[in-house]
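**Q** Sharing a structure below in structure tokens format, with a few things to ask.
What follows draws every value from the coordinates through simple rules; no lab data is involved. If you're wondering where the values come from, they're calculated on a predicted model, not measured in any experiment. When we count neighbours, we look across all protein chains shown, and the Cβ atoms used for this are built from the backbone with ideal geometry, even at glycine.
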Amino acid sequence: MSFPGEFPPRMWIPGPTYVRPEILAALGRPTVGHRTSIMTELVKSIAPKLQRLFKTRQHSLVISASGSAAWEGSVRCGVEKRWACVTNGSFSEGWARTGESCGRETVKVAFEWGEGLDPQRIEEQLRKAGPVEAVGFVSNETSTGAYSDVKAICDAVRRAQPDALLFVDAVSTLAGAPFEFDAWGIDVALASSQKCLALPPGIAVVALSDRFLDKARTVQGRGYYMDFIHLADDWDKQHQTPATPAVNLFYALDEQLSAMEREGYEARFVRHRTMMERVDGWANRHGFPSFVAEPYRSPTTANRATKGFDIATFIARMIERGHELSNGYGKLKGHAFRIGHFGDHSPIELENMLAIADDVLRRMGR
Ligand SMILES: Cc1ncc(COP(=O)(O)O)c(C=O)c1O
């Protein structure tokens, strides 16, 4: 698929990611009014596939906004006064800040950047924290590439705070790694379109538990656009959305959900693991150590430390050769680089990109 000099470069950044031509074609279908039967049929087509993606029999829906909006909705609708947010990098810290900016007391269970989430430490901290209405954490900290065991953390939270709602950011793992909303007892899960779903940015998918919606009905000041009660009622009963949705992105989502089911989620997860191992071997061979320790390596996003290596030049030369990688995120800029090997990238295309990276590194004297 990729050729040196191709423009725009193939995106291996941790989102937005490469979008297949078939999906771009689906976006080009005629835009229709959002109160038409065509739109209702589209929502009806998406709904059961979304439930299968999240593995839930409860509620799941699409919002016409990126994942951060769902962070805000989870806190506004599920928390009246006090919640806890586990942090281990830029995005989880962003979710905690979202809670604070919505005026909710936010207890931080803080880990260092690059650390994976240790369930035992979370359990201990939450036992000391006093009652919280919800606990949020990020399954894959895209800023550091730390991937945590979602089920083990859910179990730990349940033991420490049995009444707290469980919020999980699955932004850079959903459709790239196993996820079981009902079985793991999650109350809100959210993911953006531009990551493992391999769609253009602009929408997010969420799953909501009955328990969450029961609580949300009692919460005052949920706001308008991200009021999950309004969103879930319209989605479940009318197969519609309260405000004008991103109609053409819904076409693309419907198409992609079907394509992922044809591939099979298990096969998709294996493909992501295969690409993780390949990137790992390649980076080790070049002396770029993983920024995160075992067992927290991510199946979807690699983050490799580059100590003293001119990462900006490497990235610029890769772009000239048709492939875009990412510099380190936030305070890791210049100290690490990131590869998003998720979505619809294939191992063969990865080999192609790594062969080019080998050549670029050789020319840089590495
Ligand atoms: C783990 C994680 N959570 C949340 C976000 C924010 O998502 P969005 O940019 O779709 O609002 C990102 C974005 O990269 C992310 O990686």
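**Q** Once you have the Cα-Cα distance between T31 and A259, take 0.36 nm times their residue separation minus that, and quote the gain in nm to one decimal.
**A** Extra length from T31 to A259 when fully extended: 79.9 nm.
**Q** Something else now. Explain nothing, just the number: dipole magnitude of the chain about its Cα centre with +1 on each Lys and Arg Cβ and -1 on each Asp and Glu Cβ, in debye rounded to the nearest 20.
**A** 400 debye
**Q** Of all DSSP beta bridges located in the chain, what percent are antiparallel, nearest 5?
**A** Taking every DSSP beta bridge with both residues in the chain, the antiparallel ones total about 50 percent.
**Q** Return a single number: how many Lys pairs in the stretch 21-261, at a sequence separation of 8 or more or on separate chains, have alpha-carbon atoms below 15 angstrom apart.
**A** 5
**Q** Can you give me the Cα centroid spacing of the stretch 125-169 and the stretch 218-288 in angstrom?
**A** 20 Å
**Q** Which of the three applies to the stretch 171-259, rounded, prolate or oblate, going by the alpha-carbon gyration tensor with a ≥ b ≥ c and a/c under 1.5 meaning rounded?
**A** oblate
**Q** Next question, about the same structure. Need one number: convex hull volume per residue for the stretch 13-58, Cα atoms only, in Å³.
**A** It comes to 123 Å³ per residue, whole-number rounded.
**Q** Calculate, in nm to one decimal, what Y225 and E80 gain on full extension: separation in residues at 0.36 nm each, minus their alpha carbon distance.
**A** Residue separation times 0.36 nm, minus the Cα-Cα distance, leaves 50.4 nm.
**Q** Which order, highest average first, do 75-82, 285-292, 35-42, 123-130 follow once you tally other Cβ atoms within 10 Å for each residue and take the mean per peptide?
**A** Per-residue mean Cβ counts within 10 Å order the peptides as 75-82, 285-292, 123-130, 35-42.
**Q** Over all alpha-carbon pairs of the stretch 249-338, lay out the pair-distance distribution in 5 Å bins, whole %, shortest bin first.
**A** Final binned percentages: 3, 12, 17, 19, 16, 12, 12, 7, 1, 0.
**Q** Here is a follow-up. Note the full-extension length gain between R211 and A243 as 0.36 nm times their separation in residues minus their Cα-Cα distance, in nm to one decimal.
**A** 9.0 nm
**Q** Remind me, what semi-axes does the chain give for its equivalent ellipsoid, largest first in whole Å, using sqrt of 5 times each Cα gyration tensor eigenvalue?
**A** 33, 27, 16
**Q** In the stretch 21-261, with Lys and Arg counted as +1 and Asp and Glu as -1 at Cβ, which of these residues, Y251, A170, H239, has the Cα nearest the positive end of the dipole, that is, farthest along it?
**A** Value: H239.
**Q** Rounded to the nearest 500, what is the 222 nm mean residue ellipticity of the chain from helices alone, with -39500 (n - 2.57) per DSSP H run of 4+ residues and division by all residues?
**A** -12500 deg cm²/dmol
**Q** State the answer as a single residue: which of S298, I311, H345 lies farthest towards the positive end of the charge dipole of the chain, with beta carbon charges of +1 for Lys and Arg and -1 for Asp and Glu, about the Cα centre.
**A** Selected residue: I311.
**Q** Could you tell me the calculated FRET efficiency between R362 and K331, based on Cβ-Cβ distance and R0 = 45 angstrom, to the nearest 0.05?
**A** Efficiency, from the Cβ-Cβ distance: 0.90.
**Q** Around V107, which amide H atoms from residues at least 5 apart in sequence, or from another chain, sit under 5 Å from its own amide H, with H modelled in the peptide plane?
**A** Amide H neighbours of V107, under 5 Å, 5+ apart: W83, A84, C85.
**Q** Would you mind checking the tilt of helix 150-160 against the longest principal axis of the Cα atoms of the chain, expressed as 0 to 90 degrees and rounded to 10?
**A** On a 0 to 90 degree scale, this one is about 40.
**Q** List every residue whose amide H lies under 5 Å from the amide H of L165, counting only residues 5 or more places away in sequence or on a different chain, with H placed 1.01 Å from N in the peptide plane.
**A** It is A134, V135, by chain and number.
**Q** Say R0 is 25 Å: what FRET efficiency, to the nearest 0.05, do R97 and R52 get from their beta-carbon distance?
**A** 0.15
**Q** With θ set to phi - 60°, apply the Karplus curve 6.51 cos²θ - 1.76 cosθ + 1.60 along the stretch 168-177 and write out the HN-Hα couplings as whole Hz, x wherever there is a Gly or Pro.
**A** With coefficients 6.51, -1.76 and 1.60, one gets 10, 7, 10, 4, 10, 10, 4, 6, x, 8 Hz.
**Q** Let me ask something else about it. What residue among G264, G343, G334 has the largest mean-square fluctuation in a Gaussian network model of the chain, using Cα springs under 10 Å?
**A** Among G264, G343, G334, the largest mean-square fluctuation in the Gaussian network model of the chain belongs to G264.
**Q** Under 5 Å between amide hydrogens, which residues at least 5 positions from R10 or on another chain qualify, with H placed 1.01 Å from N in the peptide plane?
**A** Correct list: H323, E324.
**Q** Mind giving me the nanometre distance, one decimal, between the label points for Q120 and K108, set 7 Å out from Cα along Cα→Cβ?
**A** It works out to 2.5 nm between the two label points.
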